[in-house]
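Read-outs: derived from the displayed coordinates by stated rules, not from any lab. Model, not experiment: these values are computed from the prediction. As a convention, Cβ positions derive from the backbone with ideal geometry for all residues, glycine included, and neighbour counts pool all protein chains shown.
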Amino acid sequence: MAKFPFFDAYGVEKQIKSLFGKTVHMKTGAYLVVEHTEALHVFDVNSGNRAKSDNSQEENALEVNLEAAVEVARQLRLRDMGGIIVVDFIDLHSQENRKLLFDKLKEEMKSDRAKHNILPPSKFGLIQITRQRLRPEINVEVLETCPNCNGTGKAQPSSLFVDQISNALRFIIQDQNEKNITLNVHPYIEAYIKQGKWFKSKQWKWYFEYKQKIAVQGIESYGFMEYHFFNKDMDEIVI
């Protein structure tokens, strides 16, 4: 069986990028948007598709805010964000609910070893936090410039790119006499190669042409126009 790269097999890279991206999704569908400026850091709480029809708007807002309080405290520790942090929670009209939210955030921040101070919510739903940084702030770049179009937004058509792969495959089989070949590509290209009925897909056309099955795997960490061939021992085939 062909082996996946370790980070793809366990989703490590995906988890890292989801932890440090601009948008942080929570299990119930709500999410945080994290913005950084020279003066402060901002968390914006959004309910997303998180809403229970049998609850009032106030109850839904409270539930989302309580969940967000847990994630904000976690993100502050993960990223070691210091200085002034402003959290824009969903507006709560009840003074009792605002106190519940404030107490929840304080409780979640208790495990934070960094010195911090939390101010009560303002009438606009803003909570201000000051926090001491323990180490240089962790900043993982999750946005990438497309290596194929260099940010222009235009890339080679999938059909022409697959023809390029087909030419490389023909050389590997006919000139290098390789067998038991695995092709690793971006998941979008994998879908393009496998699309259609079994006798119409590109993968099956290769089978009929070369009398051997070419395994095709989608690798999330690959660039859109990146591909590599591997032999039965999963050693890369150099073209």
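In this label model, Leu160 and Leu66 are separated by 5.7 nm, measuring between points 7 Å along each Cα→Cβ vector. Extension gain, Lys115 to His93, is 4.9 nm, computed as 0.36 nm per intervening residue step minus the present C-alpha separation. Within the range 65-131, the trypsin sites (Lys or Arg not before Pro) that combine a DSSP coil assignment with at most 16 other C-beta atoms in a 10 angstrom radius are Lys110, Arg113, Lys115, Lys123. Toward the positive end of the charge dipole of the range 13-131, with +1 on the Cβ of Lys and Arg and -1 on the Cβ of Asp and Glu, the farthest Cα among Thr130, Phe102, Ile16 is that of Ile16.
So, R0 is 45 Å and r is the distance between the beta-carbons of Lys106 and Glu236; what FRET efficiency does that work out to, to 0.05?
Working from the Cβ atoms, E equals 0.25.
Computed from point charges on the beta carbon alone (+1 for Lys and Arg, -1 for Asp and Glu), the dipole magnitude for the range 158-230 about its Cα centre is near 420 Debye. A Förster distance of 25 Å, applied to the separation of the beta-carbon atoms of Asp44 and Glu220, puts the FRET efficiency at 0.35. The residue among Asn117, Ala69, Gln57 whose Cα reaches farthest toward the positive pole of the charge dipole of the range 13-131, with charges on the beta-carbon of Lys, Arg, Asp and Glu, is Asn117.
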